[in-house]
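Take a look at the structure set out below.
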Amino acid sequence: MMTDPKQQVLAALDRLKAFTAWKEEASNPTLAARIFKYVNRVFSSDSRRKIRSKEMNMHVSLEIATNTLRSYHYLLQHDPELAQQAQKVIDQYNTQIAQTDILFVQAEDNLHPIEIPFSKPPAAKKIDALFYLNLPNSVPKQEHKDSLRAKTLRYLQDSLGVAKTVEALKNTAYFKMSGTTAMLSVLPGIFATADFREMGTHSILIPESFSISADSLCNGFPLPAYHTGMALHGALIPTCPRRPEHLPKNLYRLLQQQKAIRLGLTLDGPLIPKAWQIYLKKKEEFEKDREIILTLQNQWWEALFQANEESVDASISQFFEACKKANIPYETFTEVNEGLLDLFVHTPIVALQKAWVTPNHPLRHSQNKQQAALALLEKETSEALTKVQTSLSQAHSLLHTGILHYVSVAGTTLARHCQRIFLQHFSETTEISSLPLSDADLRIHMILYSQFIAYTDVFQNRQTLSIKELLQQEISILRTPNIEKISHPAAEIVAELGAYFIAQRK
């Protein structure tokens with residue numbers, strides 16, 4: 001029976017501490033002892049064998065420890081006490097290996113810092129984006145808007161002192177209501193929520209229900225609102241590779257830039273004004289060229305169905321035509337796509353990550369973990385589809401019906417590709433094997449990295465493409481007959497990444 005993941009992490013930390021102590025002892029003897037050890041290493045074969053045997057044992061122990069920590073990094077993100085303990089041990093290890101002793105540096109040591117993501121990944125929104133349309137019995141009142149806006153302003157000013165974010169909030173009018181819960185969008189990815197209690201003819205904001213979050217803005221991958229109105233999901237980017245130093249160089253560079261972006265997009269981060277500027281530019285372009293952009297969005301999906309050698313589902317084109325006729329706002333369009341990703345991509349992936357770190361979950365004890373993982377993902381996708389189909393009976397307009405049909409078709413289509421892409425890097429640090437990526441999977445994988453590149457380019461003040469140019473680029477990736485003829489840096493990353501994962505399985 002497999003050991004409890006938490007106990008495995010604690011054992012890994014003990015191994016790491018032992019390795020750090022051994023390395024520290026080896027690098028800090030007296031000068032005479034260091035010279036004696038060096039001479040023994042060079043001239044005494046018996047001494048070399050003993051030293052080498054000790055080194056090999058310690059390096060095997062280190063390998064086990066680091067692989068365990070990477071395998072259960074999801075647990076470290078959700079157990080603050082364990083994360084604090086792990087962070088201390090990892091910091092000590094990273095500090096120690098950075099101190100190189102020129103007398104004893106061994107080329108075969110090849111020690112690298114351990115990088116584990118400790119911050120929590122983005123959580124699902126408190127208000128489901130797919131049900132943003134106000135039902136007849138949930139029409140927002142002005143007092144709801146005023147109360148939540150005032151509460152959010154006070155929080156930002158008093159708790160964070162975020163002047164520029166406050167200015168952005170003063171200009172926003174994006175407010176939603178679902179039942180008694182209200183949501184105010186400070187900026188896509190930063191939102192405040194609160195519950196209201198009806199008191200006679202008035203509604204009172206319940207103070208303890210108030211919360212503000214920037215989680216989904218801070219993962220260093222574009223939300224739909226910061227790309228074309230549609231983007232894939234940051235969960236598909238490797239978060240904890242075993243050999244980051246062997247990753248494609250361009251991907252390693254992107255991951256380093258992602259860290260900087262993530263740090264800059266906290267509530268009081270220096271990149272918030274930049275994010276606001278990017279969003280306003282995207283929104284302006286969408287409103288100006290709505291028909292062209294929605295036509296290109298439709299072509300994107302047609303190209304994906306064709307790449308899958310499937311007939312185009314009529315629900316897709318019907319949705320985009322409905323969006324044109326209704327002059328759908330950019331906020332609404334992007335929230336629909338964000339909700340789609342949350343339901344069909346992010347939620348199943350989180351369920352799989354959670355299952356892997358749950359001690360008695362059947363997945364951990366299954367004889368065929370790949371099959372068990374696929375069954376779990378399929379179950380989550382099926383539940384998402386059921387949720388959308390149930391909502392169809394409550395749809396109160398043709399547009400709402402069109403949105404839900406689009407979400408069900410687009411969501412299940414994307415889920416197939418995204419789950420196989422996720423399994424590719426998830427399998428590297430777990431005992432769950434991945435599936436070969438199909439031609440269409442690889443094209444979606446290239447689009448994922450093309451979006452990643454475009455996003456980092458904007459924040460690094462490099463090339464900035466319009467929504468139309470980005471969509472045309474992605475449609476070209478889907479439609480180019482020979483996948484090997486696709487000319488984009490993302491294609492190179494995907495090819496090198498495939499070779500990297502094959503090398504890790506050997």
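Order Asp441, Asp91, Asp158, most accessible first, counting only protein heavy atoms with a 1.4 angstrom probe.
Details: Asp441 0, Asp91 70, Asp158 125 Å².
Ranking Asp441, Asp91, Asp158 by accessible area, largest first, yields Asp158, Asp91, Asp441.
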Item checked: Normalised contact order of the stretch 419-506, rounded percent, pairs of Cα under 8 Å and 6 or more residues apart -> 33 percent
Notebook entry, point to check: What's the carbon and sulfur percent of the stretch 354-506's accessible surface, probe 1.4 angstrom, rounded to a whole number?
Noted result: 52 percent
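Which entries of Lys288/Lys485; Lys151/Lys288; Lys325/Lys468 show an alpha-carbon separation above 29 angstrom in the structure shown?
Numbers: Lys288/Lys485 34 Å; Lys151/Lys288 33 Å; Lys325/Lys468 20 Å.
From Lys288/Lys485; Lys151/Lys288; Lys325/Lys468, over 29 Å: Lys288/Lys485; Lys151/Lys288.
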Notebook entry, point to check: Taking only protein heavy atoms and a 1.4 Å probe, what accessible area per residue, in Å², does the stretch 193-274 have with all protein chains in place?
Noted result: 40 Å²
Check: Share of the stretch 206-274's accessible area from carbon and sulfur, percent, 1.4 Å?
Finding: 57 percent
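Please state, as a whole number in µm²/s, the translational diffusion coefficient that the Stokes-Einstein equation yields for the stretch 289-400 at 37 °C and 0.692 mPa s, with Rh defined as the Kirkwood radius across alpha carbon pairs. Please report the intermediate quantities before stating the final value.
On the way: Rh = 16.6 Å.
Reported coefficient: 198 µm²/s.
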Notebook entry, point to check: What accessible area, in Å² to the nearest ten, does a 1.4 Å probe give for Met56?
Noted result: 110 Å²
Notebook entry, point to check: Between Glu291 and Asp457, what length in nm is gained on full extension when 0.36 nm per residue of separation is reduced by their alpha carbon distance?
Noted result: 57.1 nm
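Determine the per residue accessible area of the stretch 320-469 with all protein chains present and a 1.4 angstrom probe, expressed in square angstrom. Don't skip to the end; give the middle numbers.
Working: 5550 Å² over 150 residues.
It amounts to 37 Å² per residue over the stretch 320-469.
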Check: So, in Å, what gap is there between the alpha-carbon centers of the stretch 258-285 and the stretch 365-408?
Finding: 31 Å
Next item on the list: Using a 1.4 angstrom probe on the protein heavy atoms only, line up Leu187, Leu205 by accessible area, largest first.
Entry: Leu205, Leu187
Item checked: the stretch 216-256 - Rg and Dmax from Cα coordinates, angstrom -> 11.8, 34
Margin query: Taking a ≥ b ≥ c as the square roots of the Cα gyration tensor eigenvalues, with a/c under 1.5 meaning rounded and otherwise prolate when a/b beats b/c, else oblate, which class fits the stretch 245-324?
Written below: oblate
Item checked: Loop GluC sites (Glu not before Pro), the stretch 353-455, which have at most 16 other Cβ atoms in a 10 Å radius of their Cβ (DSSP) -> Glu431
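The values are calculated or read from the model by the stated rules, or taken from the named source; none is laboratory data. All figures in this text were calculated on a predicted structure; none of them were measured in a lab. Ideal geometry is used to build each Cβ from the backbone, glycine not excepted, and the neighbour counts take in all protein chains shown. The accessibility values were calculated without ligands, DNA or RNA, using every heavy atom of the protein model including side chains. Shrake-Rupley method; radii C 1.70, N 1.55, O 1.52, S 1.80 Å.
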